[in-house]
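Colleague: One structure, pasted below without further comment.
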Amino acid sequence: MLGLFLIGLCGGLFTAGIGLLLGILLEPLVQQFLYEKAVTRYLIMADPHFTAEIRPGITAFCGLAVYCAFSEQKGDPEIIQKDIVQHALDLFYFSPSDGPQVELLCRLALEHQQQLNGDLLAESLLARLKDIAAATKTAQVLKELVIRYSPKELWRLESLLQILAPGMERGNENAPWQILGVSPEASVQEIKKTFRRLALQFHPDSLASLNEAQRKKAEESFIRIRQAYREVLSQRLGDES
């Protein structure tokens, strides 16, 4: 009897140990699943009770960037996504090591692109940003992304700008600073930093996986960006001299 009791006890402890181990191993997966589910719900419904953001406003920004820049994309989706991620890191003061977290937000937005509601996301983003200046800067970045990747879809952005930054000057989509994606007030350092980032994105190594037609489009885009860079930098240096 004692032997059977010990065997049963050992079996019970073993089963409990396995259950505990599985629970420990599965908990991160369950937490990740719940987080992605909450993010997806927010992207679709702009749920005001969503509190799982890594930084207030960044989820709505990624959703709006995907909503606008991928509506009639010009270029490789991977390059567009990398550009959105980099802008998000800069806007919300993240370090490059936080890139994977922001990439996840973009991926989820892309997976549910057809379900995104731009107006709701714009209203939610405005509510989560600290002030009008932050909203205007964010709106400017969104417009620069659209001009760069989906210029024919600027109409899609106009109503969102009325919500997010109604006082923002619309400007000329063919202006060099718009093409480059910097503010007219940008410093020389910021202009050079932006161009270096774009140059890395359009480097031959980054385009190696594209087909011939995609590479040609990317090369044409970079020629346009390089010319804009020269014009913007020349103008800024002239202003400072």
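Colleague: Can you list the HN-Hα couplings for the stretch 80-93, worked out from phi with the Karplus curve (6.51, -1.76, 1.60; θ = phi - 60°), rounded to whole Hz and with x for Gly and Pro?
Modeller: Whole-Hz 3J(HN,Hα) from phi for the stretch 80-93: 4, 5, 4, 5, 4, 4, 5, 4, 5, 4, 6, 5, 9, 6.
Colleague: Give the shape of the stretch 84-204 as rounded, prolate or oblate, defined through the alpha-carbon gyration tensor: a ≥ b ≥ c are the square roots of its eigenvalues, a/c under 1.5 means rounded, and otherwise the shape is prolate if a/b is larger than b/c and oblate if not. Don't skip to the end; give the middle numbers.
Modeller: Working: a/c = 1.37, a/b = 1.11, b/c = 1.24.
Here the stretch 84-204 falls in the rounded category.
Colleague: Compute from the Cα atoms of the stretch 104-171 the Rg and the Dmax, the latter being the longest Cα-Cα distance, and quote both in angstrom.
Modeller: That works out to 12.1, 32 Å for Rg and Dmax.
Colleague: Ignoring solvent entirely, what values of log10 I(q)/I(0) come out of the Debye formula for the stretch 189-235 at 0.27 Å⁻¹ when each Cα is a single scatterer?
Modeller: These q points yield log10 I(q)/I(0) values of -0.97.
Colleague: Within the stretch 47-98, what whole-number % of the accessible surface is contributed by carbon and sulfur, with the 1.4 Å probe and all protein chains included in the calculation?
Modeller: Working: 1100 of 2110 Å².
Answer for the stretch 47-98: carbon and sulfur cover 52 percent of the accessible area.
Colleague: What figure in square angstrom, to the nearest 10, would you give for the accessible area of E111 with a 1.4 Å probe?
Modeller: Accessible area of E111: about 110 Å².
The values are calculated or read from the model by the stated rules, or taken from the named source; none is laboratory data. What you see is a predicted model; the values in this text were computed from it and never measured. Each accessible area value is taken on the protein alone, full model and side chains, heavy atoms only, with ligands, DNA and RNA left out. Shrake-Rupley method; radii C 1.70, N 1.55, O 1.52, S 1.80 Å.
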